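The values are calculated or read from the model by the stated rules, or taken from the named source; none is laboratory data. For clarity, every value in this text was computed on a predicted model and none was experimentally measured. So basically every Cβ, Gly included, is an ideal-geometry build from the backbone, and we count neighbours across all protein chains shown. These area figures cover heavy atoms from the full protein model, side chains too; ligands, DNA and RNA do not enter into them. Shrake-Rupley method; radii C 1.70, N 1.55, O 1.52, S 1.80 Å.
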Amino acid sequence: MNDPAQFVADALVRLRAEVPGKAIVAASGGIDSTVAALLTERALGERARAIFVDTGLLREKEVDRVSDLFRQAGLRFEVVTAADRFFATLEGVGDPEEKRRRIGAAFIRLFEAEAERFGTDRLVQGTIAPDWIESGGALRDTIKTHHNVGGVPADSKLRLVEPLRDLYKDEVRAVARELGIPSPDRQPFPGPGLAVRVAGPVTPDRIRRVRVANAVVEEEIDRAVAERAMRPPWQYFAVLLPGLTVGVQGDNRVHGEAVSVRVVDSVDAMTATAAELPRPVAQRIAERITRSLHGEVVRVLYDVTDKPPATIEWE
Ligand code: XMP
């Protein structure tokens, strides 16, 4: 893509050709699907409907933040609340790929129902190039099944429309600026949400813990960036680790969980380097997480691995 304005003009023509009737859009509040949703609304007007799913696996205050963003961007949207369904399908599942498959399948079933309600079989998604490349589209081995690619069963009635499938993240951000989407440089958040940020089993309690820890990481790093103590990283978050570790509480030993803090720099998410976290920031993050989750999380680690050999997310 050379020129974002030209990309937008071409995308509108293609969308109108691909969608003769109505379409729903899977809108997560992330930059990719927000761009896809706005393009679709521009192309189809009232024949488009963006659907935002509250999976119960979202970050703190995310439903409000995303709703505000969509309102500011002038997008028509509906919020569907489905936390119970997602927790039920994830019960007892610890394998990362199985989590992604089940979440993908739950999204598809939900969108099938929403599409039927809206009177269409077209689902627009914000899939971008790394999503399908890393899901096995161009590489021999699947690195990860990105939920927006792996979860579409062959027998689904839905017909996918993917207006951004040839773009990389920096190009999507350029298109977002062209469309006037507020803060297009905000960090990516995976479609399967906090489920892939708790290593091992997903329970409402473990999601609550990683949500609290993640909010601390985001707040402290946003503050450090505002105070110019560090450059804005590409992505920064908390991961809840599997297994228990020993801590002390007063005179007693306690068993609690451990959190890993991940802060990376990247250009297109295909490769990444672990960022340098100023020691005082790291210390404050560790203090606040162990205080906010007293007795539940007793240890905080910092992940210094680049991609490759690791990936950005833990799962
Ligand atoms: P990894 O962990 O594969 O992540 O190095 C690369 C980038 O993609 C994001 N990510 C996802 N985004 N659906 C998405 O829309 C997914 O299933 C998914 N998994 C990872 C990740 O946050 C990072 O920015």
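Brief remarks on what is shown
- Residue within region 23-36 that is assigned to a strand (DSSP E or B) and surrounded by fewer than 16 Cβ atoms within 10 Å (Cβ to Cβ) present: no
- So residue 269, is it in a loop (DSSP other than H, G, I, E, B), touching a residue at least 12 places away in the same chain (Cβ under 8 Å) and on the phi > 0 side of the Ramachandran plot: yes
- Of all residues making up region 173-197, the number that are over 30 Å from residue 42 (Cα atoms) and away from the ligand (no atom under 14 Å from the Cβ): 0
- Residue pairs meeting the criteria (Cβ under 9 Å; at least 6 apart or on separate chains; first in a loop (DSSP other than H, G, I, E, B), in region 126-151; second more than 11 Å from the ligand (Cβ to nearest atom) and at pLDDT below 75): 142/136; 143/136; 145/136
- Scanning region 187-219 for residues that are in contact with a Gly (Cβ under 9 Å, 6 or more places away or on another chain) and charged (D, E, K, R) returns a single hit, 206.
- Qualifying residue in region 67-88 (condition: loosely packed, with under 14 Cβ neighbours inside 10 Å and among the small types (Gly, Ala, Ser)): yes
- Of the residues making up region 125-136, just one is buried (at least 22 other Cβ atoms within 10 Å of the Cβ) and small (Gly, Ala, Ser), namely 126.
- Selected residue [open to solvent by less than 30 Å² (accessible area, probe 1.4 Å), at pLDDT 95 or above and not hydroxyl-bearing (Ser, Thr, Tyr)] from 244, 164: 164
- Residues located in region 291-315, provided they are without any contact (Cβ under 8 Å) to a residue 12 or more places away in the chain and part of a helix (DSSP H, G or I): 291
- Taken over region 92-114, the criterion of being aliphatic (A, V, I, L, M) and open to solvent by less than 20 Å² (accessible area, probe 1.4 Å) is satisfied by 93, 103, 106, 108, 110.
- Close pairs (6 angstrom Cβ cut-off, 6 or more residues apart or separate chains): outside the structural domain of residue 164 (by TED's automatic domain parsing) in region 14-27, buried (at least 19 other Cβ atoms within 10 Å of the Cβ) and among the acidic types (Asp, Glu) anywhere: none
- Of all residues in region 186-198, those satisfying the criterion of being touching a strand residue (DSSP E or B) at 6+ places or on another chain (Cβ under 7 Å) and open to solvent by 10 Å² or more (accessible area, probe 1.4 Å) are 187, 188.
- As a summary of the residue check, residue 210 satisfies the conditions (1) open to solvent by 30 Å² or more (accessible area, probe 1.4 Å); (2) at pLDDT 95 or above; (3) within 23 Å of residue 263 (Cα to Cα) except for the one numbered (1).
- Applying the condition of being within 12 Å of the ligand (Cβ to nearest atom) and hydroxyl-bearing (Ser, Thr, Tyr) to region 274-315 and asking which residue is nearest to the chain's Cα centre (by Cα) yields 311.
- Residue 122 vs. criteria buried (at least 16 other Cβ atoms within 10 Å of the Cβ), within 13 Å of the ligand (Cβ to nearest atom) and farther than 25 Å from residue 308 by Cβ: no
- Contact map, region 208-229: first residue over 20 Å from residue 296 (Cα atoms), second residue open to solvent by 60 Å² or more (accessible area, probe 1.4 Å), Cβ cut-off under 6 Å, separation 6 or more or different chains; pairs are 220/284; 225/232.
- Per-region count, region 269-311, residues of a type in the set (Val, Ile, Thr), crowded, with 17+ Cβ neighbours inside 10 Å and touching a strand residue (DSSP E or B) at 6+ places or on another chain (Cβ under 8 Å): 6
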